[in-house]
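> Have a look at this one before I ask anything.
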Amino acid sequence: MGLKGKTIVLGVTGSIAAYKAADVASKLAQAGATVPVMMTRAALEFITPLTFRSLTHQQVYVDWYDAGSDLAIQHVALANQADAVLVAPATADFLAKLVYGFADDPLSGTILATQAPVLVAPAMDGHMYDHPATQQNLATLRSRGVTIIGPEQGHLASGLTGMGRLSSTETILAYVKMALGRSGDLAGLRVVVSAGPTEEPMDPVRHISNRSTGRMGFAVAEAARDRGATVTLVTGPTVLPDPVGVKVARIRTALQMLDATQSAVRDADIVVMTAAVADYRPAIQAEQKMKKGPGDTTVMELVKNPDIIATIQGDFVKIGFAAESEDLIRNARTKLAEKRLDLVAANDITAPGSGFAVDTNKVLLVHPSGEVEDLPLMTKAEVADVILDRAVAVRQQRARQPVVAG
Ligand SMILES: Cc1cc2nc3c(=O)[nH]c(=O)nc-3n(C[C@H](O)[C@H](O)[C@H](O)COP(=O)(O)O)c2cc1C
């Protein structure tokens, strides 16, 4: 899954942002991809082939007719081998070439010949980007199935601020993973994920919340996306940015999360609830900031929030998380039965490297059969993939169950 073992042809064109392609090449290689690089002649003015050769340990291609290049033997070899072709940065000039189907260098020729997904990340001066010619070229490419990544608003090499900045490496990689996942095992399925804490207001400046950061749920949403699912993420307050290609509903309170989740799960196939929803909320939300009283103690009345995971019903696979500080398995079994779940991921928040605000998690998977899987400490992305594997297994098991005629 992901980028490991995939061949991503990286095209680099003559933009001032070409130096950023070194980071893209490096991160793709670090993620386990094979990254042959194809540069236009103009790109050589901005960055050298040696940089890419050193980062990727792969050949760098510039000319069709270079006698030392394997393309001189089989000129569409990389077009056939590629799992995806990514052009980052893509100049205005190169976009125009793609529209007209030129093939006067290995990169444009490879894009014409490949059956793999093609992604382009434009980078240029704001006026070049806004020009009707560029806009029309982008629209044409999009209509042919090319994925356009960005560009973003920000500081441009011209000194101006505007549209035309190359998207970040993280965003570019997310698009590549999403493109690779189109035919993944969750293709055609709808996955709903809840994440983060909720905030239950006491007055205009204070609230009751918890230490959830949303990382686990965001990891599940991204993993599902990268396996081809259409993903909706309902999240409480978090500093994490919206994951690329995921529909995000940002809410604050448990009641808002209930509303957003109920409408999101209507046509869901898999629902994974990782959110740390407050069990209680203040009975009264003061309109003005509450003042300190004369006494040394005070009492606040709390009312129970709805149990979201128990409330949502449907034909979907339903997976819950249980963050516990004691009696992990017993609490998880209770949750599994009471809320009629297909799986509980019980999360030992006292284990080192586990729980809130870290990128790893120590999880026990508790199944309705009574089976308990003790997973080792893993990254949250790895935990997410195991959970989705189990969701797929539940769906397969349901599909095998004979339908009893009425
Ligand atoms: C200093 C400098 C920076 C440039 N930066 C960009 C750029 O960011 N985006 C762009 O579309 N063109 C840029 N250009 C223009 C391209 O280099 C030019 O259109 C070139 O023909 C592109 O060739 P290619 O598309 O084959 O790589 C720049 C030119 C110069 C001299």
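> Just to be sure I understand: with springs between alpha-carbon atoms less than 10 Å apart, which residue in V363, V392, V85 has the highest mean-square fluctuation in the Gaussian network model of the chain?
Highest fluctuation of the listed residues: V392.
> Here's a follow-up. May I ask you to derive the FRET efficiency for V299 and L377 from their Cβ-Cβ distance with R0 = 51 Å, giving the value to the nearest 0.05?
Plugging the Cβ-Cβ distance into 1/(1 + (r/R0)^6) gives 0.80.
> So what J values fall out for the stretch 337-349 if you push phi through Karplus, 6.51 cos²θ - 1.76 cosθ + 1.60 with θ = phi - 60°, rounded to Hz, Gly and Pro as x?
Those phi angles translate into 6, 5, 9, 6, 9, 8, 6, 10, 8, 8, 10, 7, 6 Hz.
> Compute, for the stretch 8-181, the length of the dipole vector about the Cα centre, with Cβ point charges of +1 (Lys, Arg) and -1 (Asp, Glu) only. Units Debye, rounded to 20.
That gives the stretch 8-181 a dipole magnitude of about 320 debye.
> Another question about this same structure. Anyone know which of P294, P306, P122 comes out most mobile in the 10 Å Cα GNM of the chain?
Result for the chain, Cα springs under 10 Å: P294 fluctuates most.
> How high is the relative contact order of the chain, in percent, with contacts defined as C-alpha pairs under 8 Å that are six or more residues apart?
10 percent
> Near K289, which aspartates and glutamates are there with a Cα under 19 Å away, not counting those fewer than 8 places off in the same chain?
E199, E200, D203, E301
> What shape does the stretch 85-180 take by its C-alpha gyration tensor, where a ≥ b ≥ c are the square roots of the eigenvalues and a/c under 1.5 counts as rounded, a/b above b/c as prolate, and the rest as oblate?
oblate
> Continuing with the same structure: Using 20 Å as the Cα-Cα cut-off, could you pick out the over-long pairs in K247/K339; K318/K339; K6/K318?
Long pairs (Cα-Cα over 20 Å): K247/K339; K6/K318.
> For the stretch 209-248 and the stretch 83-97, what is the separation of their C-alpha centers, rounded to whole Å?
Answer, in whole Å: 29.
> What range in the chain is the longest one free of GluC sites (Glu not before Pro) that are in a loop by DSSP and have at most 11 other Cβ atoms within 10 angstrom?
1-286
> Determine ³J(HN,Hα), in whole Hz, for all residues of the stretch 294-309 in sequence, where each value follows from phi through the Karplus function 6.51 cos²θ - 1.76 cosθ + 1.60 and θ = phi - 60°; x replaces Gly and Pro.
Along the stretch 294-309, the couplings run x, x, 7, 10, 8, 10, 10, 7, 10, 10, 6, 7, x, 8, 4, 5 Hz.
> Run the reach check for K97 against aspartates and glutamates, Cα to Cα strictly under 16 Å, same-chain hits fewer than 8 apart removed. What comes back?
D105
> What are the ³J(HN,Hα) values, in whole Hz, obtained from phi via the Karplus relation 6.51 cos²θ - 1.76 cosθ + 1.60 with θ = phi - 60°, for each residue of the stretch 89-95 in sequence order, with x given for Gly and Pro?
x, 10, 6, 4, 4, 5, 4
> Report the local net charge at D348: Lys and Arg +1, Asp and Glu -1, summed over other residues whose C-beta lies under 11 Å from its C-beta.
Result for the neighbourhood of D348: -3.
> Also: Would you please give the residues with an amide H less than 5 Å from that of L302, counting only those at least 5 places away or on a separate chain, with H modeled from the backbone geometry?
HN-HN under 5 Å from L302: A283.
> Quick one: of the DSSP bridges fully inside the chain, what percent are antiparallel, nearest 5?
Percentage antiparallel, nearest 5: 30.
> Most exposed first by the Cβ proxy, i.e. fewest other Cβ within 10 Å, how do Y280, Y100, Y175 rank?
Y100, Y280, Y175
> Another one. Where both partners of a DSSP beta bridge lie in the stretch 8-181, what percent of those bridges are antiparallel, to the nearest 5?
Antiparallel bridges make up about 20 percent of those DSSP assigns within the stretch 8-181.
> Which percent, to the nearest 5, of DSSP beta bridges fully inside the stretch 86-224 are antiparallel?
Roughly 55 percent of the DSSP beta bridges within the stretch 86-224 come out antiparallel.
> So, one more: Just how far, in whole angstrom, is the stretch 30-75 from the stretch 289-319 if you go by their alpha carbon centroids?
Here the two parts' Cα centres lie 58 Å apart.
> Now a separate question. When only DSSP loop residues count, what chymotrypsin sites (Phe, Trp or Tyr not before Pro) in the stretch 18-81 have their Cβ near at most 15 other Cβ atoms within 10 Å?
Those satisfying the criteria are W64, Y65.
> Helix-only mean residue ellipticity at 222 nm, the chain, DSSP H runs n ≥ 4 weighted -39,500 (n - 2.57), per residue, nearest 500. What is it?
-9500 deg cm²/dmol
Values quoted throughout were computed directly from the atomic coordinates according to the rules given, and no laboratory measurement underlies them. From a predicted model like this one, the values you see are computed outputs, not experimental measurements. Backbone-built Cβ (ideal geometry, glycine too); neighbour counts: all protein chains shown.
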